[in-house]
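These notes are about the structure you will find just below.
The values are calculated or read from the model by the stated rules, or taken from the named source; none is laboratory data. None of these values were measured; they are calculated from a predicted model. A quick note on method: Cβ atoms are made from the backbone with ideal geometry, for glycine too, and the neighbour counts reach across all protein chains shown.
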Amino acid sequence: MRNEARRDLLKVWLYAVATVVLGAALTPWAYNVGKALAEVTTDKQTNGLVEMVAQWCRQAGVPWFFKVSWSFAAVVLCVPLVGWLTVGGGGVRRPAPWWVRLPGGGRNVDGGQELDLRKSDYRDALKGALVTVTLVIVLGAALVQAGAFGWRGPDLATMGGLLRLLSWALGLAVVQEVVFRGFALGIFLRATAAVPAILLAGLLYALVGLLIPPASMTVVDPEGTRAGFELLSTQVKRLTDPWIVASVLMPWWAFGTVLGFARWRTRSLWLPIGLHAGWVLGNSMFLTMVVPLNQPDPIARVLVGGSLQDGLIPLVAMMLAGIVLHFMTPAPELDHGAD
């Protein structure tokens, strides 16, 4: 591995840490602003976009604002990251900087690949969403039949919020795919061979994802300046629990690896964006229509968690999704040669 590429790998990991820390710091500010917007717009006529955001803020808890703050931090910190990555050793600017071929440009030292935005279009995103929504339906139905979840059915409020949920799923998928499969995986592919690059990028995604708190988590004072760090410290402690690593981190890693594999096979972000958005939308809709049932057996809790993304059974489902993608996408054409 070239020294330059090794330094880039370290910069990406530092960037990931910085986004989580900045997201935690911004969480109480985002919470206060969001709740103020919700209060100001209550019983008032506003435009559709403002009302949709206000409705989100009205219903959301602190973890949702943590996720929004992290997304904002990830986008903002991309700017100094790009400037940092385009400068080589001794301050000498590299020829043909990778960001000219955004997102995730750069060649693998073993003959890797660059993203080619002409290789696919929005139809790949629709195919990806279809794959993950189908996976949610099959997996969810199986787990309801197995007694892991209790069915309560959809309600009018859930169906009425479908457009807001779709917008949230798509926005989250775009931000995370640009960050993890665009920037991070593009840099990893330039530094090493495809398999370790995809696995490393998947692990990075899983660790960051595990640090973002679930919607059910609460804090003593959501308006306090340390609210975000209180959530973050709780999540960091979870990494020391081997059961959490097995039932939460591993499925997240598998999902990130599948998304990275889709980006590598298609040389585009369209398919991973569709896969990601379909999964977020399907899982969110599923959780509004079921009730997780208490699993007294610790082995059962490892097999199935509180959502379709937690547990060893979802891990197997993710691996099967990767096999499906292998057969539905053509083998990538490698760009031989060095930068």
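Annotations
Yes/no per residue for (1) outside any helix (DSSP H, G or I); (2) out of contact with any His (no Cβ under 8 Å at 6 or more places or on another chain); (3) touching a residue at least 60 places away in the same chain (Cβ under 8 Å); (4) over 20 Å from Arg226 (Cα atoms):
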{"site": "Val12", "(1), (2), (3), (4)": "no, yes, yes, yes"}
{"site": "Ala18", "(1), (2), (3), (4)": "no, yes, no, no"}
{"site": "Met52", "(1), (2), (3), (4)": "no, yes, yes, yes"}
{"site": "Arg58", "(1), (2), (3), (4)": "no, yes, no, yes"}
{"site": "Phe66", "(1), (2), (3), (4)": "no, yes, yes, no"}
{"site": "Pro80", "(1), (2), (3), (4)": "no, yes, no, yes"}
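- Filtered residues of the stretch 226-242 (kept if at pLDDT below 90 and either polar (S, T, N, Q) or in contact with a helix residue (DSSP H, G or I) (Cβ under 6 Å, 6 or more places away or on another chain) (or both)): Arg238, Thr240
- Being among the aliphatic types (A, V, I, L, M), surrounded by 15 or more Cβ atoms within 10 Å (Cβ to Cβ) and out of contact with any Lys or Arg (no Cβ under 6 Å at 6 or more places or on another chain) is a condition met by no residue of the stretch 233-240.
- Helices (runs of 4 or more DSSP H) fully within the stretch 223-329 counting 3 or more residues that are within 20 Å of the chain's Cα centre (by Cα) and among the aliphatic types (A, V, I, L, M): 227-238, 250-266, 270-289, 312-328
- In the stretch 245-271, the residues that are of a type in the set (A, V, I, L, M) and at pLDDT below 90: Val245, Ala246, Val248
- When the helices (runs of 4 or more DSSP H) confined to the stretch 157-221 are screened for residues that are within 19 Å of Leu239 (Cβ to Cβ), those reaching at least 3 such residues are found at 194-211.
Okay, residues lined up against (1) within 30 Å of Pro332 (Cβ to Cβ); (2) touching a Ser or Thr at 6+ places or on another chain (Cβ under 9 Å); (3) surrounded by fewer than 24 Cβ atoms within 10 Å (Cβ to Cβ):
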site	(1), (2), (3)
Val245	no, no, yes
Val258	yes, no, no
Leu275	yes, yes, no
Asn294	no, no, yes
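- Whichever residue in the stretch 38-58 is surrounded by fewer than 17 Cβ atoms within 10 Å (Cβ to Cβ) and modelled with pLDDT of 85 or more and, among such residues, is farthest from the chain's Cα centre (by Cα): Val40
- The set of residues from the stretch 1-37 being modelled with pLDDT under 90 and over 30 Å from Leu189 (Cα atoms) comprises just one member, Leu37.
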